[in-house]
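The values are calculated or read from the model by the stated rules, or taken from the named source; none is laboratory data. All figures in this text were calculated on a predicted structure; none of them were measured in a lab. Here the Cβ positions follow ideal geometry from the backbone for every residue, glycine too, while neighbour counts run over all protein chains shown. Accessible surface is based on the protein model in full, side chains and every heavy atom, while ligands, DNA and RNA are left aside. Shrake-Rupley method; radii C 1.70, N 1.55, O 1.52, S 1.80 Å.
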Amino acid sequence: MISICPHCQQQLGLTESQQQQIEKALAALESGKKLKFACPQCKKTVEVGAAAGAGSEVPPSGVIAQPPSPGKAVAEFSQPQAPDISWFTDGELGEKDIIDDVPRVLVMVNDDALREKVFRAFESMGYKPESPASPAEAMDRMRFVAFDAVILHILYEGSLEASTVHGYMKKMVMPKRRRIYYMLIGPDFHTLYDLEALACSANLVINESEIDSIGLILRKGLRDYEALFGPFLAALEAKG
């Protein structure tokens, strides 16, 4: 079973239940297929090859696998290949290639100071934040761009009940919705209160008075989300 992320080299820290879910998904994979799930630490995608035979597994490049049998004392380690940097000289890497490799977040906050703090928090986590010019543009962007996260202030359109964006998120088809981490900011929320988030059809709620700690709040919320749903989403992807 996988123990270390090939990207950040940190322990994945999977629970026994999560390991069992991943093992079941691997067992169901066809030969040559790969199971993908997000690292709880760096959020990058970890790929695991389908089982090569009974009781065996093909580890992804750069990942230490647990010994397949008690008789094998040393785990195998495959060093990842160096990245292709030929685009430095040939200039063939365009802006779209760069953007497609960066997680995106759509930020809908009217207050400039508040929005700036949200932007800085996401940028520090490696996200590319975008702010639409209007609710209509926000929904149009979500139709054609695969955003990893969406954050909405409940007063963006006057109130949450009147928000066309919130209504759009609630009616979004589940295969697309479950891949978006949806956050709400407001003056009356109890930060990180899961039941309140669930009642609002969101993944996380944040009280605007605690916006100065948004970086820590986001990391906590995303880590808990990945721990709970990461293996489930990976199993769904493996099943097609």
Looking only at region 43-52, how many residues end up being modelled with pLDDT of 75 or more and open to solvent by 30 Å² or more (accessible area, probe 1.4 Å)?
3
Can you find a residue that is of a type in the set (Asp, Glu), assigned to a helix (DSSP H, G or I) and either open to solvent by less than 50 Å² (accessible area, probe 1.4 Å) or in contact (Cβ under 8 Å) with a residue 24 or more places away in the chain (or both) anywhere in region 181-194?
no
If you go through region 76-113, how many residues are assigned to a helix (DSSP H, G or I), under 23 Å from the mean Cα position of the chain (by Cα) and at pLDDT 60 or above?
0
Look at region 114-135 and say how many of its residues are closer than 19 Å to ILE180 by Cα and without any contact (Cβ under 8 Å) to a residue 24 or more places away in the chain.
2
Looking only at region 142-171, count how many residues are open to solvent by less than 60 Å² (accessible area, probe 1.4 Å) and either in contact with a helix residue (DSSP H, G or I) (Cβ under 8 Å, 6 or more places away or on another chain) or of a type in the set (Val, Ile, Thr) (or both).
16
Report, by residue number, each residue of region 195-229 that is touching a residue at least 60 places away in the same chain (Cβ under 8 Å), open to solvent by 30 Å² or more (accessible area, probe 1.4 Å) and either more than 28 Å from GLN10 (Cα to Cα) or not in a helix (DSSP H, G or I) (or both).
GLU208
Just checking, does region 150-168 include any residue being closer than 30 Å to GLN11 by Cβ and modelled with pLDDT under 95?
no
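Which one is surrounded by the most Cβ atoms within 10 Å (Cβ to Cβ) among residues in region 118-141 that are out of contact with any strand residue (DSSP E or B) (no Cβ under 8 Å at 6 or more places or on another chain) and part of a helix (DSSP H, G or I)? Explain how you work it out, then say what you get.
Kept after step one, since they are out of contact with any strand residue (DSSP E or B) (no Cβ under 8 Å at 6 or more places or on another chain), are these residues of region 118-141: 120-121, 124-126, 133-134, 136-137, 139-140.
Among the residues that remain, those that are also part of a helix (DSSP H, G or I) are: 120-121, 124, 136-137, 139-140.
Details: ARG120: 13, ALA121: 23, SER124: 11, ALA136: 11, GLU137: 14, MET139: 17, ASP140: 12.
Here the residue is ALA121.
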